[in-house]
Amino acid sequence: MQPVLILGGSGQAGAGAAAVLRRWHPALPLVIGGRDIDRARRVADGLGAATAAVIDVGRDDLGLPADHASSAVVAALWDDHLHGLRHAQRRGVPYIGISSGLVEIAPEVVAGAQRAGAAPILLASHYCAGTAVLATLHLARDFGRVDTIRIGAVLDALDTGGPAGIADLERLSTATSAGLERRDGVFSWVAGPDAQGEVRTLDGTVLPAQSIPILDVPSLALATGARDVRFDLAVGESAGRRRGGPPSVETRIDIAGADPAGAPLRTTRYLVHPEGQRPLTSLGIALGVERLLGMRGGPVLPGVHTPESLLDPSYAMERLVALGGSVVDAPAG
């Protein structure tokens with residue numbers, strides 16, 4: 001098999017995904033692409049069966065030799081010129097992008113539509129690369145009908161994903177201050193006071209939050225049929241730091257609807273990881289690579305895909321637990 005090319009492979013998300021892939025598939029060849037060759041080499045040397053390459057996403061050829069071959073391309077950074085996507089399409093290999101906001105995915109969608117038969121494109125610019133969506137769908141399996149989904153994510157202010165992650169947050173915050181929610185079946189922009197919210201954490205702390213425009217909203221709404229879906233993000237001090245430890249991450253998941261017999265049903269659970277968002281984002285990327293390469297499941301057809309259209313939520317949760325994460329009940333009372 002040709003190597004998986006990871007653009008931004010020496011950053012937090014890219015290096016984390018590479019480490020997860022190496023744990024799952026020891027012989028899978030990887031190319032760690034980055035601007036700093038020494039940093040990329042350190043990551044590659046620590047993995048084994050990996051090489052390093054200088055990458056320039058501003059160049060049409062990414063700065064790679066004309067005969068460079070890959071089995072997949074992972075953009076673990078903002079592929080702002082879409083040269084990574086075009087590189088994958090020209091070679092007919094799968095592509096994963098994780099950094100385009102909801103208001104930025106149009107170029108990726110158009111590029112995929114214009115060459116629909118070229119390669120599979122996985123749009124995974126969801127929270128933690130789709131892990132929160134998969135956890136929510138795993139919980140929704142107990143419902144016969146889902147009416148409402150409310151997600152409340154807590155991201156520690158010291159755990160925003162390194163320089164690339166910080167740049168993503170700053171860029172997306174300037175694109176729009178409005179959030180997107182599904183309200184009574186209609187996808188609606190919310191701004192001002194309507195966009196303000198709060199998240200109650202596992203330890204009972206209530207943090208101010210903001211509705212954000214994120215792919216999780218349409219993914220969950222269309223996958224479950226829920227007429228009301230909202231995603232609020234709180235950035236502040238996580239429970240881990242409040243306990244004197246490192247930043248942790250938690251995502252509150254509220255689902256309301258009916259059980260298979262039609263009786264009212266609601267649940268509140270928390271997706272948590274004591275090491276912050278990096279393991280969850282790395283998991284989402286690695287699951288996508290594994291699936292796109294046919295290492296789990298059949299061949300993936302060319303076209304545009306999202307995490308919930310390709311990945312099995314139950315399997316994703318098994319992998320989550322193995323990486324130290326968990327989905328826990330809300331405290332009583």
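Look through segment 68-95, keep the residues that are touching a helix residue (DSSP H, G or I) at 6+ places or on another chain (Cβ under 8 Å) and part of a helix (DSSP H, G or I), and return whichever of them is nearest to residue 1 (Cα to Cα). Can you show your working first?
From segment 68-95, those touching a helix residue (DSSP H, G or I) at 6+ places or on another chain (Cβ under 8 Å) are 69-70, 72-79, 82, 85-86, 89, 94-95; that's our starting set.
From what is left, the residues that are part of a helix (DSSP H, G or I) are 85-86, 89.
Numbers: 85: 20, 86: 21, 89: 18 Å.
In this case the residue turns out to be 89.
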In segment 247-254, is there at least one residue being outside any strand (DSSP E or B) and of a type outside the set (Asp, Glu)?
yes
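Yes or no, residue by residue, for (1) under 30 Å from residue 304 (Cβ atoms); (2) buried (at least 22 other Cβ atoms within 10 Å of the Cβ); (3) at pLDDT 95 or above:
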{"position": "196", "(1), (2), (3)": "no, no, yes"}
{"position": "204", "(1), (2), (3)": "no, no, no"}
{"position": "227", "(1), (2), (3)": "yes, no, yes"}
{"position": "289", "(1), (2), (3)": "yes, yes, yes"}
Identify the residue in segment 86-107 that is modelled with pLDDT of 95 or more and within 17 Å of the chain's Cα centre (by Cα) and, among all such residues, is farthest from residue 300 (Cα to Cα).
98
Flag for residue 31 being within 23 Å of residue 86 (Cβ to Cβ), under 22 Å from the mean Cα position of the chain (by Cα) and not basic (Lys, Arg):
yes
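Is it true that residue 299 is at pLDDT below 95 and under 30 Å from residue 3 (Cα atoms)? So that I can check it myself, show each step before the final result.
Working: at pLDDT below 95: yes; under 30 Å from residue 3 (Cα atoms): yes.
Criteria met by residue 299.
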For segment 313-333, enumerate the residues that are in contact with a helix residue (DSSP H, G or I) (Cβ under 9 Å, 6 or more places away or on another chain), loosely packed, with under 14 Cβ neighbours inside 10 Å and part of a loop (DSSP other than H, G, I, E, B).
324
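Being buried (at least 20 other Cβ atoms within 10 Å of the Cβ) and under 28 Å from residue 77 (Cβ atoms) narrows it down to one of 301, 310, 222, 283, so name that one. Talk me through it step by step, then tell me what you get.
On the way: 301 fails: buried (at least 20 other Cβ atoms within 10 Å of the Cβ); 310 fails: buried (at least 20 other Cβ atoms within 10 Å of the Cβ); 222 fails: buried (at least 20 other Cβ atoms within 10 Å of the Cβ).
The conditions single out 283.
The values are calculated or read from the model by the stated rules, or taken from the named source; none is laboratory data. Note that the structure is a prediction, hence the values are computed from the model and not measured. FYI the Cβ positions are ideal-geometry reconstructions off the backbone, even for glycines, and counts take in every protein chain you see.
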